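Below is one structure, written out as structure tokens; the observations come after it.
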Amino acid sequence: MYFANLQKSYGDLSVLRGINGQIQCGEVVAIIGSSGCGKSTLLRCFNRLETISGGQLMVNNIDLSVANLSTKSLQQLRAKVGMVFQQFNLYPHMSVLENLTLSPRKVLKLSSVEAEERGRFYLAKVGLAEKETAYPDQLSGGQKQRVAIARSLCMQPDILLFDEPTSALDPELVGEVLQVMRTLAEDGMTMAVVTHEMQFARDVASRVMFLNQGLVEETGAPSDVLRNPQSERLQTFLSRMNGLTV
């Protein structure tokens, strides 16, 4: 993934004001910053939920700088770039396994048998093998988010995007979701994670990107960015997050 002078505006409001960077295969990049700095907008540009206003953006060899992206290219992008949202977006009228197998059947054209086999595999991977017949309203928030992660994995993506995946969870449920994400990182999954979990960013991310007012203010290894921040704005931000001492 490569982006240069990436811009996104809504009318007169400029949200991303020229962001540069790249995410290499196997990297885990934690994107941090205050609310309104453009973190989620940047993530949504990566899978074309938002169309960029200017600059260059290449994701999985697909040029997202093109205004009129073909339906075929968009389908290829969405099949290989998964996204896990703050809210779980599970279909309440479908069982857990049905939620997992829908896209593989409809998009990848897998048979029901193949899709269910894949769904059970990834459900076990997130520690919820026994929940395949349950419905979303029978699950805790942490379980719903783990199902949402398994659903993305069922598409066997090259890249996973996480938009504050623990922000809607009660504090005691955060750990189970972060553990699944740690395991994915250890398995080599390429991940871009918008997060306020500084411990996760410090321990799991290969790189941290700090956004401020629509620009990348600092980026680098977690040991540098989180333990030795250079900008006053990042120092202030970190002093307020999870008691992290700077």
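Scanning the range 163-201 for residues that are touching a Cys at 6+ places or on another chain (Cβ under 9 Å) and surrounded by fewer than 17 Cβ atoms within 10 Å (Cβ to Cβ) yields one hit, 188. Checking each residue in the range 84-127 for being among the small types (Gly, Ala, Ser), without any contact (Cβ under 8 Å) to a residue 40 or more places away in the chain and not in a helix (DSSP H, G or I) picks out only 111. Here residue 211 clears all of (1) surrounded by fewer than 21 Cβ atoms within 10 Å (Cβ to Cβ); (2) touching a helix residue (DSSP H, G or I) at 6+ places or on another chain (Cβ under 9 Å) except the condition numbered (1). Candidates in the range 125-145 are the residues that are among the basic types (Lys, Arg) and closer than 23 Å to residue 111 by Cα; of these, the one that is surrounded by the fewest Cβ atoms within 10 Å (Cβ to Cβ) is 125.
Yes/no per residue for (1) under 13 Å from the mean Cα position of the chain (by Cα); (2) modelled with pLDDT of 95 or more; (3) within 21 Å of residue 148 (Cβ to Cβ):
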position	(1), (2), (3)
42	yes, yes, yes
45	yes, yes, yes
62	no, no, no
65	no, no, no
68	no, no, no
75	no, no, yes
86	yes, no, yes
91	no, yes, yes
95	no, yes, yes
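Considering the range 151-195, the residues that are part of a loop (DSSP other than H, G, I, E, B) and touching an Asp or Glu at 6+ places or on another chain (Cβ under 7 Å) include one that is nearest to residue 104 (Cα to Cα), namely 166.
The condition of being free of Cβ contacts under 8 Å to residues at least 24 places away in the same chain and not acidic (Asp, Glu) holds for only one of 13, 77, that being 13.
Can you confirm whether the range 49-64 contains a residue that is small (Gly, Ala, Ser) and surrounded by 21 or more Cβ atoms within 10 Å (Cβ to Cβ)?
No, the range 49-64 contains no residue that is small (Gly, Ala, Ser) and surrounded by 21 or more Cβ atoms within 10 Å (Cβ to Cβ).
Just one of the listed residues (148, 205) is surrounded by 21 or more Cβ atoms within 10 Å (Cβ to Cβ) and part of a helix (DSSP H, G or I), and it is 148.
In the range 96-115, how many residues are among the hydroxyl-bearing types (Ser, Thr, Tyr) and buried (at least 17 other Cβ atoms within 10 Å of the Cβ)?
2
Is the range 69-88 home to any residue that is at positive phi, of a type outside the set (Ser, Thr, Tyr) and either crowded, with 19+ Cβ neighbours inside 10 Å or in contact with a Pro (Cβ under 7 Å, 6 or more places away or on another chain) (or both)? The answer is no, given that none of the residues of the range 69-88 is at positive phi, of a type outside the set (Ser, Thr, Tyr) and either crowded, with 19+ Cβ neighbours inside 10 Å or in contact with a Pro (Cβ under 7 Å, 6 or more places away or on another chain) (or both).
The values are calculated or read from the model by the stated rules, or taken from the named source; none is laboratory data. Only a predicted model underlies this, so the values are computations on that prediction, with no experimental measurement involved. Methodologically, a virtual Cβ is constructed for each residue, glycine included, from the backbone with ideal geometry; neighbour enumeration extends over all protein chains shown.
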